[in-house]
Amino acid sequence: MRILILGGDGYLGWPTAMYLSNRGHEVAVVDNMVKRFWEAEIGVQPLIAVRPFHLRAKRWEVLTGKRIQFYTCDIASNHRHIYNIFEQFQPDTVIHYAEQPSAPFSMIDREKCVTTQHNNVVGTLNIIFAIQHTNPDIHLIKLGTMGEYGTPNIDIEEGWLDLEHNGRKDRVLYPKKAHSFYHLSKVHDSANLEFVSRVWGSRVTDLNQGCVYGIDTDETAMHPELNTSFHYDAVFGTVINRFVIQASRNLPLTVYGGGTQTRGYLNIRDTLRCVELATLNPAERGEFRVFNQFTEQFDLNTLAENVRGAAAGLGLPASIDHIANPRIEQEEHYYNAKHSALLQLGLEPRLLTQDVLAGMLETALRHKDNVDEDKIMPNVKWKS
Ligand code: USQ
């Protein structure tokens, strides 16, 4: 297949590009490197320096003989350029990761909130129009988030809810109660995408992904220059990745509040497999398909205990600190999210075992001198 990956310089985009290229697909990447700009703006860096895109692509080509094409484009501000890229590359599938990915970043101030929603919502609108302009048959796979649903007091379904009200029945988009302006940007994307599926007959898969963890994939591990952009700081780092880095530095694991907050989690290797499954089994014309993309659910206290256990196995004396929660989020809540669609397509989950955590800790230990300890504690509050 001809696959265009938007946001192909990022934590998930680059490993996805290599994974699909390795499996014989014709892959091209679009990115405007704005994530690197945002990192510079708030003074953080990935754990392992990420080489410029063209050098990584060159290394990939030397190793495998396969080419990953690169287009630089800001999808939120240059729709003409996006139209040209679509016309030139003629994708069968577009995988859309090109969004500002951090909830804390979106909560810094008005400007970061507007940047997040402008980048994410307008970028997705331009992609929707580029598909309609070039070839309405293109399958769009869009990275959404489990955080769109929030923590409702009822079971979370996969995107849709069957309702009965005053004796009548309907099927509606599942009600959303997002955790941040970032998560809300994805709610707005979902609404726009469902609309174009219904009205224009677009083919859309919305992947409502849980929190991803992991430093390596099979492809990043092929050469030291192929690493991905792994963050541990309080803005771009996700919780398991942060706990692992904290343990590797003998710093306390920072559980926010009581630690009973429950979320869905998945290994970065499973993200790649899920995206591949969605690609190989496309949505129908006029179908807005939602997959809840996670493999296990945990509360934070259990996660912290698991990381502490794996660290102890390596002789690292990790401790756990319950610090004041900088976010406004429910701590005691019901959480039961369905996630069967990807399993039915053939996903075989890689669970968060002590071995998996030990592997992450070993990589973290090799790079622990790169860690900037000033970037560990959260400094973005949901409400001052
Ligand atoms: N948390 C801690 N300690 C930390 C960092 C986070 O206790 O040091 C807690 C947070 O309060 C929250 C949970 O861990 O309850 C998850 O936080 P996170 O920062 O790992 O993830 P989140 O902001 O929810 O967003 C992440 C990704 C986002 C994805 C989302 C899925 O950044 O792209 O969409 O996970 S979900 O969590 O289901 O909303």
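A few points about this structure:
- Out of V62, V114, V30, one residue alone is under 21 Å from L193 (Cα atoms) and open to solvent by 60 Å² or more (accessible area, probe 1.4 Å). It is V114.
- Among the residues listed as G150, G123, the single one being at positive phi, touching a residue at least 24 places away in the same chain (Cβ under 8 Å) and open to solvent by less than 20 Å² (accessible area, probe 1.4 Å): G150
- Residue satisfying all of: in segment 206-232; of a type in the set (S, T, Y) and within 16 Å of the ligand (Cβ to nearest atom); farthest from H133 (Cα to Cα) among these: Y232
- Residues satisfying the stated conditions in segment 126-146, i.e. outside any helix (DSSP H, G or I) and either open to solvent by 10 Å² or more (accessible area, probe 1.4 Å) or of a type in the set (S, T, N, Q) (or both): N135, P136, D137, L143, T145
- Among the residues listed as V212, V235, V196, V187, the single one being among the hydrophobic types (A, V, I, L, M, F, W, C), assigned to a strand (DSSP E or B) and at negative phi: V212
- All positions within segment 168-194 that are of a type in the set (F, W, Y) and closer than 13 Å to V121 by Cβ: F181, Y182
- Residues being polar (S, T, N, Q), farther than 15 Å from S21 by Cα and in a helix (DSSP H, G or I) - total across segment 34-89: 2
- In the condition set (1) of a type in the set (S, T, N, Q); (2) touching a Phe, Trp or Tyr at 6+ places or on another chain (Cβ under 8 Å); (3) over 29 Å from R327 (Cβ atoms), T16 is compliant with all but (3).
- Positions within segment 159-181 being under 30 Å from I108 (Cβ atoms) and in contact with a Lys or Arg (Cβ under 6 Å, 6 or more places away or on another chain), in sequence order: none
- Top-ranked residue in segment 234-267 [being in contact with a Ser or Thr (Cβ under 6 Å, 6 or more places away or on another chain) and more than 8 Å from the ligand (Cβ to nearest atom); ranked as most open to solvent (accessible area, probe 1.4 Å)]: P252
- When each of E332, E348, E284, E305 is tested for being among the charged types (D, E, K, R), within 30 Å of E158 (Cβ to Cβ) and touching a Ser or Thr at 6+ places or on another chain (Cβ under 8 Å), the lone residue that passes is E332.
- Residues within segment 278-328 that are open to solvent by less than 30 Å² (accessible area, probe 1.4 Å), more than 16 Å from the ligand (Cβ to nearest atom), in a loop (DSSP other than H, G, I, E, B) and closer than 30 Å to M377 by Cα, tallied: 1
- Among the residues of segment 1-21, those identified as within 21 Å of I268 (Cβ to Cβ) and either without any contact (Cβ under 8 Å) to a residue 60 or more places away in the chain or surrounded by fewer than 18 Cβ atoms within 10 Å (Cβ to Cβ) (or both) are A17, S21.
- Count of residues meeting criterion [exposed (fewer than 15 other Cβ atoms within 10 Å of the Cβ), in a loop (DSSP other than H, G, I, E, B) and of a type outside the set (A, V, I, L, M, F, W, C)] in segment 153-174: 5
- Residues in segment 175-197 that are within 11 Å of the ligand (Cβ to nearest atom) and not basic (K, R): A178, H179, S180, Y182, H183, S185.
The values are calculated or read from the model by the stated rules, or taken from the named source; none is laboratory data. As the structure is a prediction and not an experimental result, all values here were calculated from the model. Positions of Cβ are generated from backbone atoms using ideal geometry, with glycine treated the same way; all protein chains shown enter the neighbour counts. Ligands, DNA and RNA are stripped out before the accessible areas are found, and what is left, the full protein with its side chains, is counted by its heavy atoms. Shrake-Rupley method; radii C 1.70, N 1.55, O 1.52, S 1.80 Å.
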